[in-house]
Amino acid sequence: MNINLTSYQTEFTLEQKNTVALTINNAKHSYDDDWQVQAYLSGINMDMGKIPLNVIHQQQGYLIEVVPVMCAEANMRWQIEINLVNVQRSEIVKQSVFATFTTHW
């Protein structure tokens, strides 16, 4: 299984909607319909809890909307946690993917 994350921006903008594309596949077929996707945003250098992110299922995968908020830290480091739960199997199979980025103000 291959999991690909692609950002459409070179830099994430504070207080604005930024997007990350997620695709799940292998050489034989796409696994998009087999997975439930949940995503969260959290601060690395400042505890801000886990902020749920909007996940939109599209024909070619998923689009995750990320809106990093302004905070007291001028150089904020963030982590996106993406949890994939297989809904087609009788047992729960969970995969987690993490991506990091930095914002500045």
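The values are calculated or read from the model by the stated rules, or taken from the named source; none is laboratory data. Note that the structure is a prediction, hence the values are computed from the model and not measured. A quick note on method: Cβ atoms are made from the backbone with ideal geometry, for glycine too, and the neighbour counts reach across all protein chains shown. These area figures cover heavy atoms from the full protein model, side chains too; ligands, DNA and RNA do not enter into them. Shrake-Rupley method; radii C 1.70, N 1.55, O 1.52, S 1.80 Å.
For the reader, a short list of remarks on this structure follows.
- One residue stands out among those in the range 1-25 that are without any contact (Cβ under 8 Å) to a residue 24 or more places away in the chain and of a type in the set (Val, Ile, Thr): the one that is surrounded by the most Cβ atoms within 10 Å (Cβ to Cβ), which is 6.
- Considering residues of the range 33-53 that are among the hydrophobic types (A, V, I, L, M, F, W, C) and within 13 Å of the chain's Cα centre (by Cα) only, the residue surrounded by the most Cβ atoms within 10 Å (Cβ to Cβ): 39
- The test for being open to solvent by less than 30 Å² (accessible area, probe 1.4 Å) and assigned to a strand (DSSP E or B) does not hold for residue 56.
- Condition met for residue 94 (modelled with pLDDT under 90 and among the basic types (Lys, Arg)): yes
- Contact annotation: residue pairs with Cβ atoms under 8 Å, 6 or more positions apart or on different chains, pairing a residue in the range 39-66 that is farther than 17 Å from residue 99 by Cβ with a partner that is open to solvent by 60 Å² or more (accessible area, probe 1.4 Å), are 46/72; 46/73.
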